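Only one structure is covered here, and it is reproduced in the block below.
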Amino acid sequence: QNYLDNFWPDLKAAHELFDSILQARRERETESQENNGKEYPEHLPVEILEAGIKSGRYIQGTLNVNKHRAQLEAFVRLQGFGSKETG
């Protein structure tokens with residue numbers, strides 16, 4: 001803020017961008033506090049997830065994301081189903 005005020009006081013777009021970034025940061029900090037420090041809130045309580053896994057309604061596994069195509073390619077490797085297993 002000081003840098004912009006001192007060196008670019010008339011550059012309106014830079015001041016608006018700074019204000020926008022500052023507001024987004026404040027909102028993210030507020031959301032983090034509301035979620036007890038977790039970046040993302042849990043979608044379902046753990047008890048419901050565990051019951052759903054036991055009943056077969058949900059599956060449990062490891063999320064694998066392609067590091068080169070992260071936005072396009074990912075899959076879940078189910079527990080107990082490794083690539084070297086047969087049968």
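Only the coordinates and a few stated rules stand behind these numbers; no lab work does. In this text, all values refer to a predicted model and were calculated from it rather than measured experimentally. For neighbour counting, all protein chains shown are included, and Cβ atoms are generated from backbone atoms with ideal geometry for every residue, glycine included.
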task = Using label points projected 7 Å from each Cα along Cα→Cβ, tell me how many nm separate Asp5 and Asn66, to one decimal.
result = 4.9 nm
Computed label-point distance, nm, for sites Leu49 and Arg77 using a 7 Å Cα→Cβ extension = 1.9 nm
